[in-house]
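Just so it is clear, none of the values below were taken in a lab; they were calculated from the coordinates. These figures come from a predicted structure and were not determined experimentally. Every residue, glycine as well, gets a Cβ built from its backbone with ideal geometry; the counts of neighbours run over all protein chains shown.
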Amino acid sequence: MKTIIEPFRIKMVEPIRMTTKEEREAIIRKAGYNPFLIKAEDVLIDLLTDSGTSAMSQEQWAGMMRGDESYAGSRSFLRFEDVTKSLTGMRHVIPTHQGRASERILFSLVADKGKVVPSNTHFDTTRANIEHEGAMAADVISDDCIDPDLIAPFKGNMDIEALERLIRDTGPENVPLCMLTVTNNATGGQPVSMANIRATKSLLRQFDIPLFLDACRFAENAWFIKTREEGYADVSLRDIAKEMFSYADGCTMSAKKDAISNIGGFLAVNDDGLAQRIRALLILTEGFPTYGGLAGRDLEAIAQGLIEVLDEDYMRYRVRSVEFLGERLMAMGVPIFQPTGGHAVYIDAGRFLPHIPAEQFPGQALVAAMYVEGGIRAVEIGSVMFGNDSRHELVRLAIPRRVLTQSHIEYVVEVFEDITRSKTSIRGLKFAHETDVLRHFTSTFEPV
Ligand code: F0G
């Protein structure tokens, strides 16, 4: 088989800047060993997130020029509504400025003290928004799925039996809705099978509990269904995505991921009464329901992005480039969460740096070392992000959509060759300043 190439060529370039190792040592020290506090200009290869970091296409930029900035009923909103409704099949699609705005509005309407919101695994902002309302966010995933070494096609799946136990123990009246995160970002970017979505829905139906998709990476999930689940090889990505949404009663979406846009999101629901309450709250903080905190041009970019993301050549290249990085790291003995997910490679820093105990944040230590060694920025997903609840000490290398070439990825691999050679000299970290909520964003550290 020939190399799977980037199915696009480059029309506009954005320079990235080299720094010396000495400069980077000073920069990371000054940033309290927290890469969120580094200037982007001081980063060479930014793998912090795949969120909002995508390169837009010529059609998206053309849409930006066509953006209709009318306050109410703009043409751009109608295009956005048309594309999102026909994709999700939902009766109401309400634009928001990003995923967490959808989460905040949704959970402030349905969650409060005594309520439990299950998910295969909640993303950190989803969990924080649920807990902010006094409700409990429950992750319902089997031990197999969080075993980093297990090779299985759908390790993002909901544990259906555990979900049934949770609903019976909690009382269905205390479960306002159930989420499914596709793909499951907090556990290795792993996909959820169509069979599992269907089984989750049929269980919830017995208890009259609505199913919501956290649809940020719905298209990557659809690709894994197409390539891994029986019966879907000849079904188009769009039809697979439509089937996924057909089992849901609503969804939250961050357009910063699989809508290949730099900002935006939406909240979609079938329930007319809930939609009315969402719109009322939207007007308070986000804006009028035909723009929801976005410019008309953003709505155009999102509508176009949602079409392009379902192109099979794009998705084949996308998933392959992530897999390529994972293969090369594994070949040099770097332990990763297997198999590679849709948008990122997750390094098992706990096992890569066994001399650093969890209390000394091996993931954060590796993130700092990657920056010093090669100017690469990544994010810890472990004890810094999740505290004592963390099951793993991971470092996520998220790949922005359509931004990097293969030689950028090969450079990352070379930096890891250097890190691997000298890894016993990497030291653990402790908090210099610890913040309360979502502490990975703003806390600072110092070497132990
Ligand atoms: N749900 C999931 C699964 C996410 O990955 C994110 C964001 C959100 C919700 C919130 O969306 O950022 O638009 O408010 N994830 C980014 C990341 C930040 O780096 O994984 P948002």
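What does the charge add up to near residue 363, with Lys and Arg as +1, Asp and Glu as -1, over the other residues with Cβ less than 15 Å from its Cβ?
Values: positive: 351, 377, 391, 396, 423, 427, 430, 439; negative: 124, 348, 359, 380, 389, 393.
Around residue 363, the charge tally is +2.
Backbone geometry of the stretch 231-239 corresponds, through the Karplus equation with coefficients 6.51, -1.76 and 1.60 at θ = phi - 60°, to 3J(HN,Hα) couplings of x, 10, 4, 9, 8, 5, 4, 5, 5 Hz, x marking Gly and Pro.
Would you mind working out the magnitude of the charge dipole of the stretch 259-341 relative to its Cα centre, with +1 at each Lys and Arg C-beta and -1 at each Asp and Glu C-beta, to the nearest 20 Debye? Write down the numbers at each step before the final one.
Working: 7 positive and 11 negative charges, 46 e Å.
I would put it at about 220 debye.
Under the rule a/c < 1.5 gives rounded, and otherwise a/b versus b/c splits prolate from oblate, where does the stretch 41-119 land using the Cα gyration tensor? Judged from the Cα gyration tensor, the stretch 41-119 comes out oblate (a/c at least 1.5, b/c at or above a/b). Checked against a 18 Å cut-off, the cross-linked pairs 30/430; 85/242; 21/430; 2/155; 155/226 give Cα-Cα distances beyond that limit for 21/430; 2/155.
Summed over qualifying helices (DSSP H, 4 residues or more, each -39500 (n - 2.57)) and divided by its residue number, the chain shows a 222 nm mean residue ellipticity of -12500 deg cm²/dmol.
Is the stretch 58-308 rounded, prolate or oblate when judged by the Cα gyration tensor, a ≥ b ≥ c being the square roots of its eigenvalues, rounded requiring a/c under 1.5 and prolate requiring a/b larger than b/c?
On the way: a/c = 1.97, a/b = 1.29, b/c = 1.53.
Oblate, because a/c is 1.5 or more while a/b does not exceed b/c.
Just to check, using Stokes-Einstein with a Kirkwood Rh over alpha carbon pairs, what's the diffusion coefficient of the chain at 20 °C and 1.002 mPa s in µm²/s?
The diffusion coefficient I find is 96 µm²/s.
For the pair the stretch 243-300 / the stretch 75-139, the C-alpha centres are spaced 8 Å from each other.
Could the peptides 45-52, 301-308 be put in order, highest first, of the mean number of other beta-carbon atoms found within 10 Å of their residues? Show your work: numbers first, answer last.
Details: 45-52: 20.9, 301-308: 24.6.
Taking the mean over residues of other Cβ atoms within 10 Å, the ranking is 301-308, 45-52.
If I fit a long axis through the Cα atoms of helix 296-308 and take the longest principal axis of the Cα atoms of the chain, what angle between them do I get, 0 to 90°, rounded to 10? The answer is roughly 80 degrees.
Using 0.36 nm per residue, how much length does the chain from residue 358 to residue 288 gain when fully extended, once their Cα-Cα distance is taken away?
Details: separation 70, 0.36 × 70 = 25.20 nm, distance 4.62 nm.
Result: 20.6 nm gained on full extension.
Remark: the chain carries a charge dipole of roughly 620 debye about the Cα centre, counting +1 on each Lys and Arg Cβ and -1 on each Asp and Glu Cβ.
Whole-Hz Karplus values for the stretch 151-167 come out as 9, 8, x, 9, 7, x, 4, 5, 7, 5, 5, 5, 5, 5, 4, 4, 5 Hz, taken residue by residue from phi with 6.51 cos²θ - 1.76 cosθ + 1.60 and θ = phi - 60°; glycine and proline positions read x. An oblate overall shape is assigned to the stretch 186-304, the ratio a/c of its alpha-carbon gyration tensor axes (a ≥ b ≥ c) being 1.5 or greater and a/b not exceeding b/c. For the stretch 319-390, the percent of C-alpha pairs falling in each 10 Å distance bin, counted from 0 to the bin holding the largest distance, reads 20, 50, 28, 2.
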